[in-house]
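Peer 1: Supplied in structure tokens, the structure appears directly below.
The values are calculated or read from the model by the stated rules, or taken from the named source; none is laboratory data. Since the model is a prediction, treat every value here as computed from it, not as a measurement. Note that each Cβ is placed from the backbone with ideal geometry, even for glycine, and that neighbours are counted across all protein chains shown.
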Amino acid sequence: MDAKKSIEALQFFASGLTEGALVHKLQGQIFKSQGLTKLGEKYINHFTEEMEWVEKFYDRIMDLGGEVKFEGAKTRELVCDPVEYVKADLKIQEQGVDLLYKCMETLINDPTTYDIMKAYLADEEEDLYWSQNALELIERIGKQNWLFTQV
């Protein structure tokens, strides 16, 4: 097992996920303020779920004898239009899932980290499918009808 590779992968995803979680929290608050309570709660709850993954990643880093780092967050534009946000978030999710698949290959010799990342990948795929389905539904029923389902 190459603990250094595992620690690097875990830190990379913990840093990116922390940033993404904070954005989800803020976006959720924006959507709730627009009266889109269900959509707002979805993203606020998503923040909590993502931070639980960050905690698991950091716990594993420490188990491996690594040092936890806070690498800050980049400036990201918040999006007031819910549909445009789902589109932007889907793009990020697609890239993230691709990175996770590539990362899994490097963790095969660390079964514990591999299992953690495999479970995280399944969770991310579920989020990706939600966004894809939401956009398909918007296409079928129209933006205004979809927004009404998010009240």
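Peer 1: Restrict the check to segment 100-108 and report whether at least one residue is in a loop (DSSP other than H, G, I, E, B) and among the polar types (S, T, N, Q).
Peer 2: Taking segment 100-108 as the starting set, the residues that turn out to be in a loop (DSSP other than H, G, I, E, B) are 107-108.
From what's left, among the polar types (S, T, N, Q): none.
No, segment 100-108 has no match at all.
Peer 1: How about segment 69-102: which of its residues are under 19 Å from E55 (Cα atoms) and either modelled with pLDDT of 95 or more or surrounded by 14 or more Cβ atoms within 10 Å (Cβ to Cβ) (or both)?
Peer 2: Once the filter is applied, which keeps residues that are under 19 Å from E55 (Cα atoms) and either modelled with pLDDT of 95 or more or surrounded by 14 or more Cβ atoms within 10 Å (Cβ to Cβ) (or both), segment 69-102 yields A73, G96, L100.
Peer 1: Ok, one more. Scan segment 89-148 for residues that are farther than 23 Å from K56 by Cα, touching a helix residue (DSSP H, G or I) at 6+ places or on another chain (Cβ under 6 Å) and polar (S, T, N, Q) and jot them down.
Peer 2: Selection gives S131 alone.
Peer 1: Pull out all pairs, ordered by first then second residue, where Cβ-Cβ is under 8 Å, the residues are six or more apart or on different chains, the first lies in segment 41-58 and is of a type in the set (D, E), and the second is assigned to a helix (DSSP H, G or I) and surrounded by fewer than 18 Cβ atoms within 10 Å (Cβ to Cβ).
Peer 2: Pairs that qualify, where the first residue is of a type in the set (D, E) and the partner is assigned to a helix (DSSP H, G or I) and surrounded by fewer than 18 Cβ atoms within 10 Å (Cβ to Cβ), are E41/K32; E49/D123.
Peer 1: If you take the residues in segment 112-151 that are within 15 Å of the chain's Cα centre (by Cα) and more than 15 Å from E50 (Cα to Cα), which one is surrounded by the fewest Cβ atoms within 10 Å (Cβ to Cβ)?
Peer 2: Y129
Peer 1: I'd like to verify a number: residues in segment 10-42 that are in contact with a Pro (Cβ under 8 Å, 6 or more places away or on another chain) and not hydrophobic (A, V, I, L, M, F, W, C), how many?
Peer 2: 1
Peer 1: Exactly one condition in (1) outside any helix (DSSP H, G or I); (2) farther than 15 Å from A14 by Cα; (3) among the β-branched types (V, I, T) is false for V68; which is it?
Peer 2: With respect to (1) outside any helix (DSSP H, G or I); (2) farther than 15 Å from A14 by Cα; (3) among the β-branched types (V, I, T), V68 is out only on (2).
This table checks each residue for (1) farther than 17 Å from E84 by Cα; (2) buried (at least 19 other Cβ atoms within 10 Å of the Cβ).
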site: Q34; (1), (2): no, no
site: H46; (1), (2): yes, yes
site: M51; (1), (2): yes, no
site: E55; (1), (2): yes, no
